[in-house]
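Accompanying notes for the structure given below.
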Amino acid sequence: MAENTYDAIVIGSGISGGWAAKELTEKGLKVIMLERGRNIEHIKDYVNANKEAWDLPHRGKATEQMRTDYPVLKRDYPLSEWNLDYWVKDSECPYTETKRFDWFRGYHVGGRSLMWGRQSYRWSDFDFEANAKDGIGVDWPIRYKEIAAWYDYAERFAGISGSKEGLPHLPDGQFLPAYDMTCVEKDVAARLKEHYKGSRHMIIGRVANITVPHGGRPGCQFRNKCWLGCPFGGYFSTQSSTLPAAVKTGNLTLRPFSIVTKILYDKDKKKAAAEASGEELILEKIVHELKDARKVTSPARGVLVQLLDRPFPRLLDPEQKTLVWGAPPVDDIGKMKDASEWWKRTK
């Protein structure tokens, strides 16, 4: 069996996986990104991006056969002839619902970063404090001020257009110029503001579409075809943004058609391995000592997971029934100057 050694393994190439690959490769780590589905290359594989309705057999509409093959996807707007090959065929990959759960999946490089709605808003302390104030669930261990710099970091790279409004419940961000409202929208917004004495607001959406050239991408062409993949890189996706950044470092290996079946961790050697399509991929430098906690770059999401007692608690562990996302301690987050500071602390 061939053995390839990497500093980090990222499983999945959607929005989270793409970000993880970018961050780790830019810090000098050798990374392999495993994707269960096919590769979709930026621009070349957006086969319908420049077509019109009359170019398609059914003018882009969903057929009865599509409704039969995609019983979940048909519940909402995505089902159409335009990008059907981006979506998992529900009849071939069914799942059990004890109650309705709409799971729209895409098995390809980029995942749903190619099909997402792109609306991008910051949470405020109204959101972070809601559980504590309402006595519901578990209080969030962080507050807005502790992750505001992380929002800044992500927005500057991704490119989020929007208008600064100074609303406490909808914090402003690092925005590119906003899209312009139509004359009707402007009139309605003005009337709402006047009628409600400034207590209600109608604003343009904050969206991961770039209105000006940004990061080597020429920008949105206002074609209303985002869901087909944008050859202009008009919106943030793995293909348009994080993948090119990771590839540029020379530290990334991308391997599609690779379904990970196991993550094996050797606590003595402090190594992990992911079995994918019969080939063992060894992950080195996975464990970094920091104070009394062990920080692990999780192969499942390529993020940092705080492990306090034993390897991978509640993460791909059959003894646990709850998946817990890892996070650095609140006190540490508050001391960081920017999002990249966390990685520096783990080295």
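Some points to look at:
- Taking the Cα centre of the stretch 30-79 as reference, the dipole from Cβ charges on Lys and Arg (+1) and Asp and Glu (-1) amounts to some 140 debye.
- A full extension of the chain between W54 and V212 corresponds to an added length of 53.8 nm, given 0.36 nm per residue minus the alpha carbon distance.
- FRET efficiency for the I43 to S91 pair, using the beta carbon distance and R₀ = 35 Å, is estimated at 0.70.
- Overall dimensions of the stretch 151-211 by Cα: Rg and Dmax, Å: 12.8, 38
- Of the listed residues Y144, Y86, the order by accessible area with a 1.4 Å probe, largest first, is Y144, Y86.
- Taking label positions 7 Å along the Cα-Cβ direction at both D125 and E185, the computed distance is 3.1 nm, reported to one decimal.
- Global geometry of the stretch 112-266, whether rounded, prolate or oblate, following the gyration tensor of its Cα atoms and the 1.5 cut on a/c: oblate
- Backbone amide hydrogens, once placed in the peptide plane, bring G14 within less than 5 Å of G110, excluding anything fewer than 5 places away on its chain.
- In the stretch 68-108, GluC sites (Glu not before Pro) in a DSSP loop with at most 13 other beta-carbon atoms within 10 Å: E92, E97
- Extended-chain gain in nm, criterion 0.36 nm per residue less alpha-carbon gap, T98 and F232: 44.1 nm
- Where GluC sites (Glu not before Pro) fall in DSSP loop in the stretch 13-53, at most 13 other Cβ within 10 Å: E41, E52
- Under a 5 Å amide H cut-off, with hydrogens placed 1.01 Å from N, A178 pairs with G162 among residues at least 5 apart or on other chains.
- Taking the 1.4 Å solvent-accessible surface of the stretch 73-145 as the whole, the part contributed by carbon and sulfur is 54%.
- In the structure shown, the pairs K164/K193; K22/K89; K51/K186; K133/K193; K30/K269; K133/K164 are assessed against 22 Å; a Cα-Cα span above that value is assigned to K22/K89; K51/K186; K133/K193; K133/K164.
- Low-density loop positions, trypsin sites (Lys or Arg not before Pro), the stretch 202-246 - DSSP coil, at most 14 other Cβ in 10 Å: R223
The values are calculated or read from the model by the stated rules, or taken from the named source; none is laboratory data. All values reported here derive from a predicted model rather than from experimental measurement. All Cβ positions, even for glycine, are placed from backbone atoms using ideal geometry, and neighbour counts span all protein chains on display. Quick note on the areas: whole protein, heavy atoms, side chains included, nothing else; ligands and nucleic acids left out. Shrake-Rupley method; radii C 1.70, N 1.55, O 1.52, S 1.80 Å.
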